[in-house]
């Protein structure tokens, strides 16, 4: 988790941006805004979440799977974990 700690500020900035976008979506729905405005907000949220996922996933792969000290068994366990997360995320 060292990669999360060293990038914590950047990750928190992304999460706060997503929170702001979700609040804007809630407001748009509450005010019965036009469908296109709601769809644009949903699209922005999805893009922001995808960006966060890409950032954390890349750091995880580089720091964990790229670790030369892992045994074959440990590396396989890490690969299985990432594959499980990706399958869940891409549903």
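Where a number appears in this text, it was derived from the coordinates with a stated rule and is not lab data. The shown structure was predicted, so the numbers you read here are calculated from the model rather than taken from an experiment. Cβ: placed from backbone, ideal geometry, glycine included. Neighbour counts: every protein chain shown.
For the chain, what log10 I(q)/I(0) values come out of the Debye formula at q = 0.14, 0.16, 0.22 1/Å, with one point per alpha carbon and no solvent? Each listed q maps to, in turn, -0.65, -0.77, -1.07. Using a simple spin-label model with points 7 Å from Cα along the Cα→Cβ vector, what separation in nm is obtained for residue 12 and residue 91? Those two pseudo-labels are separated by 3.2 nm. For the chain, adding -39500 (n - 2.57) for each run of n ≥ 4 DSSP H residues and dividing by the number of residues yields -27000 deg cm²/dmol at 222 nm. For region 4-44, the square roots of the Cα gyration tensor eigenvalues, ordered a ≥ b ≥ c, give a/c of at least 1.5 with a/b greater than b/c, which places it in the prolate category. Under the simplified labelling scheme, the residue 34-residue 57 pair shows an inter-label distance of 3.3 nm, with each label point 7 Å from Cα along Cα→Cβ.
Rounded to 0.05, the FRET efficiency of the residue 46 and residue 81 pair, given R0 = 25 Å and the Cβ-Cβ distance, is 0.60.
Roughly what angle does helix 72-89 make with the longest principal axis of the chain, taking Cα atoms, 0 to 90 degrees, to the nearest 10? Rounded to the nearest ten degrees, it is 10.
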